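Where a number appears in this text, it was derived from the coordinates with a stated rule and is not lab data. Bear in mind the structure is a predicted one, so any value in this text is a computation, not a measurement. Here the Cβ is made from the backbone with ideal geometry for all residues, glycine too, and neighbour counts use every protein chain on show.
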Amino acid sequence: MTGSIALVLLVLLPLVRGQVPHWGPCPEPITQADFSLKQFAGRWFEIAKLPAQFEKGRCIETNFTVKPDNSVRVVSSEILRGELRKIEGFGVIEDPRNPAKLGITFSYALPYTPYWILSTDYVNTAVVYSCTDILRLFHVEFAWVLSRIRSPPPGTLEKADEVFAKNSIDVTQMTNTRQQGCDKA
């Protein structure tokens with residue numbers, strides 16, 4: 001048994017390189033009460049994030065569009081090496097009793113990834129968290145601070161840090177996303 005666990009870990013560890021792995025299962029943070037997907041929809045700019053292998057560029061933004069069936073079209077973009085790159089996916093509310101817990105995927109072949117809205121005022125900022133358990137031995141976390149504008153007012157990151165801290169989510173490795181020079185690829 002120990003040999004098979006070691007083999008699984010050897011296979012999975014390269015997949016989480018550049019991510020933020022932690023021992024044990026995912027925490028269960030408190031999500032936004034009375035969340036409204038329709039109010040959350042629209043354009044969001046990434047202000048800060050935990051390291052993510054799939055996001056290496058600048059000017060990262062995501063646009064959420066609610067579809068008639070209450071699923072969500074998700075279009076994310078970034079500028080990487082002077083080139084605008086876009087990816088399209090879709091999302092669903094995983095539990096109608098807790099609509100702030102979305103699942104998002106960018107491939108029909110991959111399962112939904114958690115995308116939980118911990119806090120949002122809908123018009124200025126949103127604090128988002130994602131966590132995936134790997135055999136309940138360790139988990140990989142992602143976290144984002146989003147804003148409706150590229151340069152949010154002072155104090156935005158501090159308020160987001162308070163939300164993460166209240167939920168015992170370590171964001172000491174969080175980095176700011178460059179949102180300057182976005183009008184030119």
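Add +1 for every Lys or Arg and -1 for every Asp or Glu among the other residues with Cβ under 9 Å from the Cβ of PHE64, and state the total.
Values: positive: ARG43, ARG73; negative: none.
After counting each charged neighbour, the total is +2.
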- Query: What angle, in degrees between 0 and 90 and rounded to the nearest 10, separates the Cα long axis of helix 2-12 from the longest principal axis of the Cα atoms of the chain?
  - Reply: 20
- Message: Could you work out the relative contact order of the chain? I mean the mean sequence separation of Cα pairs under 8 Å and 6+ apart, divided by the number of residues, in percent.
- Response: 27
- Task: Give me the net charge of GLN32's neighbourhood, meaning all other residues with Cβ under 10 Å from the Cβ of GLN32; Lys, Arg count +1, Asp, Glu -1.
- Result: -1
- Item | Exceeding the 27 Å Cα-Cα cut-off - candidates LYS49/LYS166; LYS67/LYS166; LYS86/LYS159; LYS67/LYS101 | LYS67/LYS166; LYS86/LYS159
- Helix 156-166 versus the longest principal axis of the chain: what is the Cα-based angle in degrees, 0 to 90, to the nearest 10? 30
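Hey, can you rank 67-73, 170-176 by average C-beta count inside 10 Å, highest first?
Working: 67-73: 12.0, 170-176: 14.0.
Most protected by this proxy first, the peptides run 170-176, 67-73.
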- Message: Need one number: convex hull volume per residue for the range 28-176, Cα atoms only, in Å³.
- Response: 124
